[in-house]
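Trainee: Take a look at the following structure, please.
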Amino acid sequence: MDKLTIVDIDKDNYLQVFARYDIVLDHGEGPYVYDNEGKKYIDFLGGIAVNVLGHAHPALVKAVAEQAGKIIHCSNLYYTEVQATVAKKLAKLSGLDKVFFGNSGAEANEGAIKLARKYGKTIASDKVEIVTAEHSFHGRTLATLTATGQPKYQKGYEPLPGGFKYVPYNDFAALEKVVSDKTCAVMLEPIQGEGGVNIPDTDYLLKVRQLCDKYGALLILDEIQTGIGRTGKMFAYELFGIKPDIVTLAKGLAGGVPIGAFIASDKVAAAFTAGDHGSTFGGNPLACAAANAVLTVLEQEKLLENAQTIGDYLISKLNELKAKYPALITEVRGKGLIVGAKLTCPGRDIVNSCLSQGAIINCTAGDILRFVPPLNITKVHVDEMIAILDKTLAAV
Ligand SMILES: *Cc1c(COP(=O)(O)O)cnc(C)c1O
């Protein structure tokens, strides 16, 4: 089928909720994707921080193919070795105790919210409030879009679930005014992704941790975007010297196979007993085989170190562009391979122009170029993307 036919079929038959770019992707290899007309793109979006091993990584392909030939799905009424194996790895890596698998980020957060509520009620019947940050992003289900501190995602879906309060991100004084004995959890991204790659002050999360402890509130960290090595640490909270009570994961965890997870301390996890939560697909053997492969390759190929080194290189190259185009780029920020560049104009035209020249990048929060490429890219790939961005900015 040619591109226009596919686009037409989509417009006629698919819910038009995505403002899609005008290409049809067909296959990928490493940090490159190819459209159905054979055009090659360097991929610095990675399926929005999902394709941590790039495209068609042999170890991931092999793990998924082998598992598919064995058993793709069985119910959570039974044990599987691969699910137990990934749960053990994640518990150890996180420093927490009990894992639950779902199928998406929103589901991971939904589960974390449910667990926090149940836990809160073991202390007091009115310990149910959840405090989240403005400009956060936690998902699209009713509870998670309510947790998301951006009215644009909530408008039209009222009545929203109750019990959520919002504070400005990285403003400890504001949080102190809102947290009380009624707070069951504070829920934050350690670095806000969708909100614009917003990095908090180095001591913010430590102070939040101490405040939560003072009121017996849980700290839920949404690491759906920052987790699984993206910041150069397995979990971004390691950058800030703290540990949450619950951490949520999804995007990169299985390298592109749908998965979500929350991991809780034993103390908190004990609030759930048999029947309190569940999922038909969550943690099925296919998704767990993929996650297992991702965790193995991250270690074998030293991708945390690579994310840090190449992330620093990407930031230095973007800073060169900032120096060259001070009227267009005002700030470059990031940790490892989650990097943002603040523009003085909306980013959509720049993203489109890069796309037509063969580079997939992203714009979030209107004017922040966001780079969340695979974790196994090299300097050569950075140079390739930067050259296209340079040409694009020169033409603005
Ligand atoms: C993407 C994202 C989500 C939602 O994940 P879905 O898989 O789209 O439901 C939640 N939180 C953060 C921080 C995200 O980046």
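Trainee: Could you rank the peptides 361-374, 3-16, 206-219, 290-303 by their average count of other C-beta atoms within 10 Å per residue, with the highest value first?
Mentor: 361-374, 290-303, 206-219, 3-16
Trainee: Any chance you could list P(r) for segment 141-185, counting all Cα-Cα pairs in 10 angstrom bins from zero, rounded to whole %?
Mentor: 26, 46, 27, 1
Trainee: Scaled to the compact-protein estimate 2.2 N^0.38 Å, what is the alpha-carbon radius of gyration of segment 105-232, rounded to two decimal places?
Mentor: Ratio of Rg to 2.2 N^0.38 Å for segment 105-232: 0.98.
Trainee: Here is a further query. Once the Cα gyration tensor of segment 350-396 is found, what semi-axes does its equivalent ellipsoid get, as square roots of 5 times the eigenvalues, in whole Å, sorted largest first?
Mentor: Those come to 17, 14, 8 Å.
Trainee: While we're on this one: Let me check I have the definition right: for segment 181-312, take the eigenvalues of the Cα gyration tensor, multiply each by 5, take square roots. What are those semi-axes in whole Å, largest first?
Mentor: The answer is 25, 22, 11 Å, longest axis first.
Trainee: Using a basic spin-label model with each label point 7 Å from the Cα along Cα→Cβ, how many nm lie between Ser356 and Tyr78?
Mentor: 5.5
Trainee: Moving to a separate point now. Run a plain Debye calculation on segment 71-300 (Cα atoms as equal point scatterers, no solvent) and give log10 I(q)/I(0) at q = 0.10, 0.11, 0.14, 0.16 Å⁻¹, rounded to two decimals, same order as the q list.
Mentor: For segment 71-300, the Cα-only Debye profile gives -0.42, -0.51, -0.83, -1.10.
Trainee: Can I ask one more? Roughly how far apart, in whole Å, are the Cα centres of segment 334-396 and segment 259-295?
Mentor: Going from one Cα centre to the other spans 34 Å.
Trainee: To the nearest 20 Debye, how big is the dipole of segment 71-300 about its Cα centre, given +1 on the beta carbon of each Lys and Arg and -1 on that of each Asp and Glu?
Mentor: Here the size comes out at about 220 debye.
Trainee: For segment 281-291, just list the computed ³J(HN,Hα) in residue order, Karplus coefficients 6.51, -1.76 and 1.60, θ = phi - 60°, integers in Hz, with x standing in for Gly and Pro.
Mentor: 3J(HN,Hα) across segment 281-291, in whole Hz: 8, x, x, 5, x, 5, 5, 5, 5, 5, 4.
Trainee: Additional query: I'd like the antiparallel share, as a percent to the nearest 5, of DSSP beta bridges with both residues in the chain.
Mentor: Beta bridges within the chain, antiparallel portion: roughly 60 percent.
Trainee: In addition: Residue by residue, what Karplus-based ³J(HN,Hα) values in Hz, rounded to whole numbers, does segment 355-369 have, using 6.51, -1.76 and 1.60 with θ = phi - 60° and x for Gly and Pro?
Mentor: Values, residue by residue: 4, 5, 9, x, 10, 9, 10, 9, 10, 10, 6, x, 9, 10, 6 Hz.
Trainee: Please list the non-local residues whose amide H lies under 5 Å from the amide H of Val131, H modeled 1.01 Å from N, same-chain partners needing a gap of 5 or more.
Mentor: Those lying under 5 Å, H to H, from Val131 are Lys165, Ala185, Val186, Met187.
Trainee: Check which residues have an amide H placed less than 5 Å from His55's amide H, if you skip close sequence neighbours.
Mentor: Distant-sequence amide H within range of His55: Glu29, Gly30, Tyr32.
Trainee: On to the next question. Structure shown: which of Lys88/Lys118; Lys243/Lys267; Lys114/Lys207; Lys70/Lys302; Lys89/Lys302 lie over 18 Å apart, alpha-carbon to alpha-carbon?
Mentor: In this structure, Lys88/Lys118; Lys114/Lys207; Lys70/Lys302 lie more than 18 Å apart at Cα.
Trainee: Stokes-Einstein D for segment 274-396 at 4 °C, 1.567 mPa s, Kirkwood Rh over Cα pairs, in µm²/s?
Mentor: 80
Trainee: Continuing with this model, one more query. Spelling out what I want: for every residue of segment 158-168, take phi, set θ = phi - 60°, compute 6.51 cos²θ - 1.76 cosθ + 1.60 (Karplus), and round to whole Hz; glycine and proline get x.
Mentor: Going residue by residue, I get 5, x, 8, x, x, x, 9, 10, 10, 9, x Hz, with x marking Gly and Pro.
Trainee: Which value, in Å³ per residue, describes the convex hull spanned by the Cα atoms of the chain?
Mentor: Taking the convex hull of the Cα positions in the chain, it is 148 Å³ per residue.
Trainee: Would you compute, for the Cα atoms of segment 184-256, the largest minus smallest coordinate along each principal axis and list the three values in descending order, in whole Å?
Mentor: 38, 22, 21
Trainee: Which log10 I(q)/I(0) values, to two decimals, does segment 58-140 give at q = 0.10, 0.12, 0.16, 0.20 Å⁻¹ under the Debye formula with one point per Cα?
Mentor: So the normalised log intensities work out to -0.40, -0.56, -0.89, -1.15.
Trainee: Could you sort the peptides 58-67, 155-164, 253-262, 134-143 by per-residue average Cβ neighbour count (10 Å cutoff), highest mean leading?
Mentor: 253-262, 134-143, 58-67, 155-164
Trainee: Calculate the FRET efficiency for Cys345 and Ser180 from the Cβ-Cβ distance with a Förster distance of 45 Å, rounded to the nearest 0.05.
Mentor: For Cys345 and Ser180, the calculated efficiency is 0.60.
Computed from the coordinates by the stated procedures, all read-outs in this text should not be read as laboratory data. Remember, predicted model here, so these are calculated numbers, not experimental data. Don't worry about glycine lacking a Cβ; one is built from the backbone with ideal geometry, like all the others, and counts go over all protein chains shown.
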